[in-house]
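The values are calculated or read from the model by the stated rules, or taken from the named source; none is laboratory data. In this text the structure is predicted, and so the values were computed from the model without any measurement. When we count neighbours, we look across all protein chains shown, and the Cβ atoms used for this are built from the backbone with ideal geometry, even at glycine. Only protein heavy atoms, including side chains, enter the accessible area calculation; ligands, DNA and RNA are left aside. Shrake-Rupley method; radii C 1.70, N 1.55, O 1.52, S 1.80 Å.
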Amino acid sequence: MREGEDLDWLALDRYLKLVIPHLRGKPEISQFAGGNSNLTYRLEYSNDDLVVRRPPFGTKAKSAHSMIREYRIMSELKPVYPAVPDTLHYTDDESIIGSEFYVMRKVEGQLIKETLPAEWNFTAKDTRRFCIGFWEKLIELHQVDYVAAGLGDFGEPEGYVTRQILGWNRRFERVLTPDVDDFGEVRSWLEANIPNETGRHSILHGDYRIDNVVLDTEDPSHILAILDWEICAVGDPLMDLGNSLAYWIEAGDPEEVRQIVTQPSTAPGMLTRSEILDLYQDKTGLDTSDFTFYMVYGYWRIAVILQQIYYRYFHGQTRDERFRNFGMVTQHLGRHCLRLSDNQGFSIR
């Protein structure tokens, strides 16, 4: 358990046994080490294995960290897009652990981070097949009929692109710290270059990465569940693709960009960003030939997210030492956005 992130475990246990009556015994409690924002805990009972998710402590963006959004989208998606955990309960009663929270069942499977497990013995051909399957799972999500799934009122897809750009720019302004530039040029460029929307509206995960999926231990190419629906929405799917590709680090990327690597995207056999864009266009019919705006947006959004977290650390609202250098990474990503928007020799394709 990280310092300062304990909960009232007795109160939580009593409450869970009221709303999930089959639970037995005293839970074994631990905290998931991953994730930089919402807090995730495991409560392992004698007859069930649960995950509890709540917002972070400290100052939070008004629209961020909504537990009901995560809970609802997974609950509604499950019948038509099974690659989500089983959701069990949500409450906005903050008297139990100091915030809203929800409960889901832990998915048994494998999580991987920066490298492919050596025991897989993957060839480059195996890795390529795994990679294609990973990106096709995002394409499958973007093709779900969200209205038929009961999510027709989940958001306002019209004007989504403009709202995202203006919204992330405002969030950045609210969390400025004296050691990070204000990157006014990047914010102005994004607002001046908002493209016409594709007219396609999809469910957007918001943070689709290999390290956010649970894989079948018997068949790693099979995704059992996609985690971390914190920034899910309904809107233009190219924005979601831009989010994901900003995390897709390649070997030739600048060192300052490679600092945000979270997944084995450089393993031999993995698709390049250009190949992913071609695959996406082939499967969806959406034009990905000029993707500069969406990539600048993707990198800038990561910069703002990191700065939001760094702001909490800078002001002593979290003691998590993982966040000490997030301001520096924000600085690097902002400069990368400047280079991209100014076409300074970095190739997206």
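Over 14 Å from W135 (Cβ atoms), at pLDDT 95 or above and of a type outside the set (A, V, I, L, M, F, W, C), is that true of G242?
No, not satisfied.
For every residue, the table says whether it meets (1) surrounded by 19 or more Cβ atoms within 10 Å (Cβ to Cβ); (2) touching a Lys or Arg at 6+ places or on another chain (Cβ under 6 Å); (3) farther than 29 Å from N169 by Cβ; (4) modelled with pLDDT of 95 or more.
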position: G4; (1), (2), (3), (4): no, yes, yes, no
position: V19; (1), (2), (3), (4): no, no, yes, yes
position: H22; (1), (2), (3), (4): no, no, yes, yes
position: G35; (1), (2), (3), (4): no, no, no, no
position: Y41; (1), (2), (3), (4): yes, no, yes, yes
position: S46; (1), (2), (3), (4): no, yes, yes, yes
position: I68; (1), (2), (3), (4): no, no, no, no
position: H89; (1), (2), (3), (4): no, no, yes, yes
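When you go through (1) of a type in the set (G, A, S); (2) modelled with pLDDT under 95; (3) in contact with a helix residue (DSSP H, G or I) (Cβ under 6 Å, 6 or more places away or on another chain) one by one for G252, which number turns out not to apply?
Checking G252 against (1) of a type in the set (G, A, S); (2) modelled with pLDDT under 95; (3) in contact with a helix residue (DSSP H, G or I) (Cβ under 6 Å, 6 or more places away or on another chain), the one that fails is (3).
Report the residue count in the stretch 211-239 for those that are touching a strand residue (DSSP E or B) at 6+ places or on another chain (Cβ under 9 Å) and surrounded by fewer than 18 Cβ atoms within 10 Å (Cβ to Cβ).
Result for the stretch 211-239: 4.
For every residue, the table says whether it meets (1) closer than 17 Å to A225 by Cβ; (2) of a type in the set (A, V, I, L, M, F, W, C); (3) touching a Phe, Trp or Tyr at 6+ places or on another chain (Cβ under 8 Å).
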{"residue": "A83", "(1), (2), (3)": "yes, yes, no"}
{"residue": "D86", "(1), (2), (3)": "yes, no, no"}
{"residue": "I112", "(1), (2), (3)": "yes, yes, no"}
{"residue": "C131", "(1), (2), (3)": "no, yes, no"}
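List every residue pair whose Cβ atoms sit under 8 Å apart, with the two residues 6 or more apart in sequence or on different chains, where the first one lies in the stretch 10-32 and is free of Cβ contacts under 8 Å to residues at least 12 places away in the same chain and within 14 Å of L88 (Cβ to Cβ) and the second, anywhere, is assigned to a loop (DSSP other than H, G, I, E, B) and open to solvent by less than 50 Å² (accessible area, probe 1.4 Å).
If the second residue must be assigned to a loop (DSSP other than H, G, I, E, B) and open to solvent by less than 50 Å² (accessible area, probe 1.4 Å), the pairs left are K17/L23.
Among the residues of the stretch 109-124, write down those that are touching a residue at least 12 places away in the same chain (Cβ under 8 Å) and open to solvent by 80 Å² or more (accessible area, probe 1.4 Å).
Selection gives L111, K113, E114, T115.
State whether the residues of the stretch 287-303 include one that is farther than 26 Å from D236 by Cβ and assigned to a helix (DSSP H, G or I). Don't jump to the end; show me each part of the working.
Residues of the stretch 287-303 farther than 26 Å from D236 by Cβ: none.
Checked against the condition, which is being farther than 26 Å from D236 by Cβ and assigned to a helix (DSSP H, G or I), the stretch 287-303 yields no hits at all.
How many of the residues making up the stretch 173-194 are part of a loop (DSSP other than H, G, I, E, B) and surrounded by 13 or more Cβ atoms within 10 Å (Cβ to Cβ)? Spell out how you get there, then give the answer.
If we filter the stretch 173-194 for residues that are part of a loop (DSSP other than H, G, I, E, B), which is where we start, we get 175-183, 193-194.
Applying the additional criterion that residues be surrounded by 13 or more Cβ atoms within 10 Å (Cβ to Cβ) yields 175-177, 180-181, 183, 193-194.
Looking only at that region, the number is 8.
So which pairs qualify, if the first residue must be in the stretch 147-165 and closer than 16 Å to G199 by Cβ, the second must be part of a helix (DSSP H, G or I) and open to solvent by 80 Å² or more (accessible area, probe 1.4 Å), the Cβ gap must be under 9 Å, and the two must be at least 6 apart or on different chains?
E156/R163; T162/E191
Select from the stretch 195-221 the residues that are modelled with pLDDT of 95 or more, over 28 Å from G152 (Cα atoms) and assigned to a loop (DSSP other than H, G, I, E, B) and list them in ascending order.
D216
Within the stretch 137-154, track down each residue that is open to solvent by 70 Å² or more (accessible area, probe 1.4 Å) and assigned to a helix (DSSP H, G or I). If you could, list the steps in order and put the result at the bottom.
Initially, the stretch 137-154 is screened for residues open to solvent by 70 Å² or more (accessible area, probe 1.4 Å), giving 140, 143, 145, 147-148, 153.
Within the stretch 137-154, E140, V147, A148 meet the criteria.
Just the residues that are touching a helix residue (DSSP H, G or I) at 6+ places or on another chain (Cβ under 7 Å) and either closer than 30 Å to I260 by Cβ or polar (S, T, N, Q) (or both), please, taken from the stretch 21-51.
Answer for the stretch 21-51, where residues must be touching a helix residue (DSSP H, G or I) at 6+ places or on another chain (Cβ under 7 Å) and either closer than 30 Å to I260 by Cβ or polar (S, T, N, Q) (or both): N36, S37.
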